[in-house]
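The values are calculated or read from the model by the stated rules, or taken from the named source; none is laboratory data. Note that this is a predicted model, so its numbers are computed, not measured. Here the Cβ is made from the backbone with ideal geometry for all residues, glycine too, and neighbour counts use every protein chain on show.
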Amino acid sequence: AQKITQTQPGMFVQEKEAVTLDCTYDTSDPSYGLFWYKQPSSGEMIFLIYQGSYDQQNATEGRYSLNFQKARKSANLVISASQLGDSAMYFCAMREGRSGGSYIPTFGRGTSLIVHP
Amino acid sequence: DVKVTQSSRYLVKRTGEKVFLECVQDMDHENMFWYRQDPGLGLRLIYFSYDVKMKEKGDIPEGYSVSREKKERFSLILESASTNQTSMYLCASSFDRGLREQYFGPGTRLTVT
């Protein structure tokens, strides 16, 4: 079973509208963390936002917010006021603890977002 | 400015060759990672290291090995390259074991013929 599931291979949104990218996760580690990364066509991976499992409030970074629903194991990314430059692949990721004290990251398969003018 | 560099952007190798992919970070980060990225599969963790001379297997270590002799450098080694190792390889580093944020290199697109 996948630990990170992104069910939307592709999404389209009109410029200036908001868009939600879905992510569900599965872990038995109580102190996990969730991330979103952006990968434009140029290829570099850009960190967007982080949510810890114990964080009470949803994380926000500028136009990005993470809709964290712990009971549903859901960590959706919301992009407000989409811009043409938001067109990219978006990856949801999780870090979970491993025996020995290290953490291991796991990435989802990604969602391709296209913003139309 | 944070910097992770990889030795090559593009590499073409023949089946059976030994291949070295080098990654260097200048941020004094403890943790370093190697991923491969394939269309439709996302990023898959090959190996990671949280200290010099330490390494741990990720999800797909078969056919790969790693070396971390110095804190800033993490090398991925394909002992005998095969065509199914044709992929984009991404290196990343992070400051602490909590992995709150990873910094990625530009990637190496490896083609094995």
*Going through the stretch B:21-51 one residue at a time, which ones are charged (D, E, K, R) and assigned to a loop (DSSP other than H, G, I, E, B)?*
B:D26, B:D28, B:E30, B:D51
*Considering only residues of the stretch A:16-47 that are within 12 Å of chain B (Cβ to nearest Cβ) and without any contact (Cβ under 8 Å) to a residue 40 or more places away in the chain, which is nearest to the chain's Cα centre (by Cα)?*
A:F47
*asked:* Looking only at the stretch A:64-94, how many residues end up being farther than 12 Å from A:T111 by Cβ, touching a residue at least 40 places away in the same chain (Cβ under 8 Å) and in a strand (DSSP E or B)?
replied: 6
*asked:* Step by step: first the residues of the stretch A:7-40, then only those that are more than 30 Å from A:S99 (Cβ to Cβ) and among the hydroxyl-bearing types (S, T, Y), then the one that is surrounded by the fewest Cβ atoms within 10 Å (Cβ to Cβ). Which residue is that?
replied: A:T7
*May I ask you to verify whether A:R109 is within 14 Å of chain B (Cβ to nearest Cβ), surrounded by 15 or more Cβ atoms within 10 Å (Cβ to Cβ) and in a loop (DSSP other than H, G, I, E, B)?*
yes
*Return the total of residues in the stretch B:16-43 being within 14 Å of chain A (Cβ to nearest Cβ) and surrounded by fewer than 18 Cβ atoms within 10 Å (Cβ to Cβ).*
6
*asked:* Tell me yes or no: at least one residue of the stretch B:63-77 is in contact with a helix residue (DSSP H, G or I) (Cβ under 7 Å, 6 or more places away or on another chain) and modelled with pLDDT of 95 or more.
replied: yes
*Does the stretch B:85-113 hold any residues that are part of a strand (DSSP E or B), more than 8 Å from chain A (Cβ to nearest Cβ) and free of Cβ contacts under 8 Å to residues at least 60 places away in the same chain, and which are they?*
B:S87
*Every residue from the stretch B:52-84 that is in a loop (DSSP other than H, G, I, E, B) and within 10 Å of another protein chain (Cβ to nearest Cβ)*: B:M54, B:G58, B:D59
*Top-ranked residue in the stretch A:69-106 [being within 9 Å of chain B (Cβ to nearest Cβ) and of a type in the set (S, T, N, Q); ranked as nearest to the chain's Cα centre (by Cα)]*: A:T106
_Going residue by residue through the stretch A:72-80, is there one that turns out to be closer than 26 Å to B:R97 by Cα and either aliphatic (A, V, I, L, M) or at pLDDT below 95 (or both)?_
yes
